[in-house]
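Notes follow once the structure below has been shown.
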Amino acid sequence: MDLLFAFVALTIFTLMLTIGVTQSLSHLTSLWQQPALLLRSLLAVIVLVPAVVFALLWIFDLPPEVATGLAILAAAPGAPLTTKRSEIAAADPVYTTSLQLTLALSAILVTPLILSVFYAGFSLTTERVSPIEVASQIARVTFLPVVIGLLLQHFAPKLVALISKPLRILATVFLLMLVLAVVVVLVMAPDLRASLVLGWPAVTVILLIAMSAIGIGHFLGGESPSRRGGLAVASVARNVGLAMFITGLSDGGPALLPTLLVYMLLGMVVAIPYSIWIKSHINKTA
């Protein structure tokens, strides 16, 4: 399992490095120049989705490890794979990359704040996290590779021209290998497979969260279908890597892993049909 987590980190690092060498600084910060869209995007991902999770945990009596896992996911915006998943929805790549980095930056303060709200309302099984701990994890897997890519663009443009295409291919290969590795682990680990059976109440809550997140993002994305699709995907795609880091701070962390995996799987089950639908809508209106 440690080897799998290391490969997850390598995959995310490669994906973010690819963004760093293929996107300009102006593109990465473009959302900051559109305050209305920025406000709606942040409202969707870091306010309304956590509010939905809080309400559902209040209504449904879920096992502590499931409730804790969902609370941590609600507090972990800015999934590193957002831009890759948004491609299925034909989302605006400039908007999604800028949104992804903005959410990752906001998580430094937002994640501990959202978790404190859940700690006040529920008995979570993990320890509290500080902004410094969150910032350290985000810097390693998100900002460091992007900064390296931007520096290469500035100081070694010829090298960037040579490596950008191979790097994109490598990132895609790593992503496919990661999916295959997860499948292999599930096949070879019957105990882990069995732990993914969370029960219908938990599955119902997870599906409600995912569908609500899609609806919130679509509604607040504005008139542009490509931005609606991007915000919908960003809303449902929580930062599982950051969530795993937070769960690892406590002895009970492994018990939360099934909830994180089930949310990731069911979130994709909900997001993929929506992505296909919004992409077809974009193609028709193009």
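The values are calculated or read from the model by the stated rules, or taken from the named source; none is laboratory data. Predicted, not measured: the structure shown is a model, and the values here were computed from it. Glycine also receives a Cβ, built like all others from the backbone with ideal geometry; neighbour counts cover every protein chain displayed.
Here's the yes/no breakdown for (1) touching a residue at least 60 places away in the same chain (Cβ under 8 Å); (2) touching a Pro at 6+ places or on another chain (Cβ under 6 Å):
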residue: I46; (1), (2): yes, yes
residue: F54; (1), (2): yes, no
residue: A71; (1), (2): no, no
residue: T83; (1), (2): yes, no
residue: V94; (1), (2): yes, no
residue: T102; (1), (2): yes, no
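Residues considered: A202, A210, A161. Of these, the only one that is modelled with pLDDT of 90 or more, buried (at least 21 other Cβ atoms within 10 Å of the Cβ), of a type in the set (A, V, I, L, M) and more than 19 Å from the chain's Cα centre (by Cα) is A202.
Cβ-Cβ distances below 6 Å connect the following pairs, each with a first residue in the stretch 262-279 that is of a type in the set (S, T, Y), a second residue that is at pLDDT 95 or above and surrounded by 13 or more Cβ atoms within 10 Å (Cβ to Cβ), and a separation of six or more residues or different chains: Y263/L73; Y263/I206; Y274/I214.
A Cβ distance below 7 Å, combined with a sequence gap of six or more or placement on separate chains, defines the contacts here; from the stretch 201-216, residues that are farther than 23 Å from L43 by Cβ reach residues that are of a type outside the set (S, T, N, Q) and not in a helix (DSSP H, G or I) in the pairs P201/F60; P201/L62; A202/L62. Here L109 passes the criteria (1) surrounded by 17 or more Cβ atoms within 10 Å (Cβ to Cβ); (2) at pLDDT below 90; (3) not polar (S, T, N, Q) except the one numbered (1). On the given criteria, is F219 modelled with pLDDT of 95 or more and either in contact with a Cys (Cβ under 6 Å, 6 or more places away or on another chain) or more than 15 Å from A91 (Cβ to Cβ) (or both)? Yes. Only one of the numbered conditions (1) closer than 18 Å to V141 by Cα; (2) surrounded by fewer than 24 Cβ atoms within 10 Å (Cβ to Cβ); (3) at pLDDT 95 or above is violated by L73, and that is (2). Got at least one residue in the stretch 30-45 being under 12 Å from the mean Cα position of the chain (by Cα) and crowded, with 17+ Cβ neighbours inside 10 Å? Checking the stretch 30-45: at least one residue is under 12 Å from the mean Cα position of the chain (by Cα) and crowded, with 17+ Cβ neighbours inside 10 Å.
Given the residues A91, A44, which is the only one that is under 22 Å from S275 (Cα atoms) and either of a type in the set (D, E, K, R) or not in a helix (DSSP H, G or I) (or both)? Answer to the check: A91.
Just to confirm my filter: which helices (runs of 4 or more DSSP H) fall fully inside the stretch 214-286 and include at least 1 residues that are on the phi < 0 side of the Ramachandran plot and surrounded by fewer than 17 Cβ atoms within 10 Å (Cβ to Cβ)? In the stretch 214-286, the matching helices (runs of 4 or more DSSP H) lie at 257-285.
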